[in-house]
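Coordinate-derived values only; no laboratory data. Keep in mind the model is a prediction, meaning the values are calculated, not measured. Every residue, glycine as well, gets a Cβ built from its backbone with ideal geometry; the counts of neighbours run over all protein chains shown.
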Amino acid sequence: MADNIVYLNGSYVKDTDAKISIFDRGFTNCDWTYDVTRTFNHKPFQLRDHIARLYRSLDFIQLDPGLTQDEMHDITLEVFKRNEKSLGSGDDFSITHRVSRGIGELAPGTYRPTVAVYCNRIKFESFAQRLIDGAPLVVVSTRRVPPVCMDPKAKHVSLNFLLANLEGQSVDPSAWVLMLDVYGFLSECTSKNIFLVRSGGLLTPKRDNVLEGVTRATILELASKLDIPCSETDLSVYDLMTADEVFVTSVTPVMIPISKINNKSLKNPGPGPVIRKLQRAWSEMVGVDIVAQALSHLDSATPAGRGTKPLP
């Protein structure tokens, strides 16, 4: 996006002018954390929740960003305001916060943190078709680092996730990957939480072994309001393969149905009745038909009318 304005270490600058030292500990030591939220109808959604999770991650790795949560919130709104004019009527932003320990050493007072906040236009076309056809999923042998080694509640991208993605791409380059824990139970995708539907109820892995997704928590709240039974429990690959519906959740696409697992098509590959009910509830909550919005961004090759079809 031309002339995108970002916040970097106290200044608002063009993204092309934003520079970080090669000696930054985020680069040299992977000493950083981050969070991502998005807008709906040009309004930041659950921004306070995402900033709170960011600060929990910062507290966990003992990294002081030099800003309060309120200051980070105000900076984020300023970045959004400076870029909002570039949004079309059907567009929305993802908003990213990245904080590294910057240049220096581990001890407090010996480093200068690097704080960056920026917006990107959501590429709805990258996942729109999957909202109606479903997405492929590969269960990889690379296991999620167990909580006794690294608590998954701290949001971070690790080599563990990279290796899982590389393994999954070797099976199906278009697939997302699902990791198991060391006991063989379902954990999470490398950037998404997973849900199963059985007999009209939701099943999802325990919080002990996954990132506590903000979208995940909201899905559970919506399900409760809709009287959809929910259970956080240990789930096996057998449970996954025999589920009535399977979907994944994350900030930007919200929820995507799974169509096949390890190249085996599911019996209900598209959005089933429970997924549709939750999509409608989410759309009503944010004031945007999340399926129609994404489909409207498909290119001219999309069959006529499909891009504006509302939620059934």
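Please give me, ordered by residue number, the GluC sites (Glu not before Pro) of the range 32-136 that lie in loop per DSSP and have at most 13 other Cβ atoms within 10 Å. Don't skip to the answer; put the middle values down first.
Details: sites: Glu71, Glu78, Glu84, Glu105, Glu125; in loops: Glu105.
Answer by residue number: Glu105.
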Mean Cα-pair separation over length for the chain, i.e. relative contact order, pairs under 8 Å, 6 or more apart, %: 17 percent
Excluding residues on the same chain fewer than 8 positions from Lys153, give the aspartates and glutamates whose Cα lies under 17 Å from its Cα. Asp31, Asp35, Asp49, Asp59, Asp181, Glu188, Asp208, Glu212, Glu232
Assertion target for Asp289, Asp208, ordered by fewest C-beta neighbours within 10 angstrom first, is Asp208, Asp289
Using a Gaussian network model of the chain whose springs link C-alpha atoms within less than 10 Å, name the residue from Ser191, Ser259, Ser158 with the highest mean-square fluctuation. Ser158
The helix 214-225 Cα axis meets the longest alpha-carbon principal axis of the chain at an angle in degrees, between 0 and 90 and rounded to 10, of 40 degrees
For the chain, percent of DSSP beta bridges that are antiparallel (nearest 5) comes out at 85 percent
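Starting from the range 231-273, pick out the trypsin sites (Lys or Arg not before Pro) whose DSSP state is loop and whose Cβ has at most 15 other Cβ atoms within 10 Å.
Values: sites: Lys260, Lys264, Lys267; in loops: Lys267.
Sparse-neighbourhood loop trypsin sites (Lys or Arg not before Pro): Lys267.
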What angle do you read, to the nearest 10 degrees and between 0 and 90, between the alpha-carbon axis of helix 47-60 and the longest principal axis of the chain? 70 degrees
Residues with amide H under 5 Å from that of Lys260, placed H, sequence gap 5 or more: Ala135, Leu137, Leu266
Calculate the FRET efficiency for Asn29 and Leu162 from the Cβ-Cβ distance with a Förster distance of 25 Å, rounded to the nearest 0.05. 0.95
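Compute the FRET efficiency between Ile22 and Ser199 as 1/(1 + (r/R0)^6), taking r as their Cβ-Cβ distance and R0 = 45 Å, and round to the nearest 0.05.
On the way: r = 55 Å, r/R0 = 1.22.
Calculated value: 0.25.
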Just report the Cα centroid separation between the range 24-91 and the range 238-252, whole Å. 28 Å
